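Where a number appears in this text, it was derived from the coordinates with a stated rule and is not lab data. Computed from a predicted structure; not experimentally measured. Virtual Cβ from ideal backbone geometry, glycine too; neighbours counted across all protein chains shown.
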Amino acid sequence: MNLKQTLDQRFLLLDSWKNRLFLVVFLFVYIVIFLNVFVPFDIDDWVNVPGWPHWVILSSYAAIGALSIAFTQFLLRKWLKMEQFTIKQFLVWIFFELLFATFLLTFIYGGDSTSTGFVSDFFFTFKHTFLVVIIPYGIVLLILSLFQYNSEIIELKKETKRSMPLNDLIKFPDDKGNVKFTLPLNDLLYLESTDNYVYIYYLLHDKIKKELLRNSLKNLETIFKDDPIKRCHRSYMVNLLNISLIKRSGQKTTLILTRVVDPIPISKTYLKDFKEYFELNTAR
């Protein structure tokens, strides 16, 4: 997938009002704590209101910023009929939100009423607004993406269990087509490729066991194309029924399987197919 295709994908994390509310509340709480604890950029010297404690003034910055985000997310998006974004549109929207918050802060707290002074204050405020807001905004998106992945996993497992009997048996043939052994689908954990063989990991009496099969993941991927056993890496296939968690850390995405200590990687090659499989099954 190239950059243009990525930017044209749907951005879903802030579609629901609950997620937008979480964004606003998190930004407010984070910025209040950050400004009052660290007092960055000597911000307490910018505005001095006689009789007002510094913590009230600093917290008012956070309140105005949070209210501006609430306005753009709840009211402005509705008025402009922008309830859904692509990733490209969302990036533009974030930039607009920063401009709007900067305008409000400059209008309320700016010390120079001349047009030249206002512009100077505006650019000064924009720089510091960006530096303060971008980190908590990113944290919110990371948290929401983890929630979305986990909810997709839960729905996928429910849907798969509804559509497939629990006592289905999976047959494992070797490279000549001879069935070597059979396992209950629910007991299968994952497959690991090693040279011309595949290790089959499964549960037996609540303990992890493994069998060695002479075959390749490429062949097994074709055989199991209609089953919830999917390729996630050049060396791994996993049973979707036994996924407990999908975890993203930086550019890496891994799977946590039931009773399996070591995480299973999802390579970039298969990440798109994995996402599409989840979306297809959760959208039914």
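Overview of values
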| read-out | value |
| --- | --- |
| Given charges at beta-carbon only (K, R positive; D, E negative), |dipole| of the stretch 3-157 in Debye | 620 |
| More than 19 Å apart - percent of Cα-Cα pairs taken over the stretch 164-282 | 44 |
| Kyte-Doolittle at least 0.0, axis length at least 18 Å by Cα - qualifying DSSP helices, the chain | 17-38, 54-70, 87-109, 115-163 |
| Net charge of neighbours whose Cβ lies under 13 Å from the Cβ of residue 200, counting Lys and Arg as +1 and Asp and Glu as -1 | +1 |
| Estimated vicinal HN-Hα couplings, Hz - the stretch 192-209 in sequence order (Karplus 6.51, -1.76, 1.60; Gly, Pro = x) | 10, 7, 8, 6, 9, 10, 10, 8, 9, 9, 8, 9, 9, 6, 6, 10, 7, 10 |
| Extension gain from residue 254 to residue 104, taking 0.36 nm per residue of separation minus the Cα-Cα distance | 49.8 nm |
| Estimated FRET transfer efficiency when R0 is 41 angstrom, pair residue 261-residue 39 (beta carbons, to 0.05) | 0.40 |
| Relative contact order of the chain, pairs being alpha-carbon contacts under 8 Å that are 6 or more residues apart, as % | 13 |
| Fraction of alpha-carbon pairs over 35 Å apart in the chain - percent | 39 |
| Most fluctuating residue given options 228, 263, 40, as computed from a GNM of the chain linking Cα atoms under 10 Å | 40 |
| Most fluctuating residue given options 216, 120, 193, as computed from a GNM of the chain linking Cα atoms under 10 Å | 120 |
| Selected from 186, 150, 219 as most flexible by GNM, with the chain as the system and alpha-carbon contacts under 10 Å | 219 |
| Contour minus Cα-Cα distance for residue 67 and residue 4 (0.36 nm per residue) | 19.4 nm |
| Loop GluC sites (Glu not before Pro), the stretch 61-156 (other Cβ atoms within 10 Å of the site Cβ: 13 or fewer; DSSP) | 83 |
| Cβ-based net charge around residue 77, under 14 Å, with every Lys or Arg adding one and every Asp or Glu removing one | 0 |
| Lysine pair count for the stretch 164-282 [Cα-Cα under 16 Å; pairs on different chains or 8 or more apart] | 19 |
| Simple spin-label estimate for residue 151 and residue 139 in nanometres, 7 Å along Cα-Cβ | 2.2 |
| The chain: calculated mean residue ellipticity at 222 nm from DSSP helix runs of at least 4, using -39500 (n - 2.57) | -16500 deg cm²/dmol |
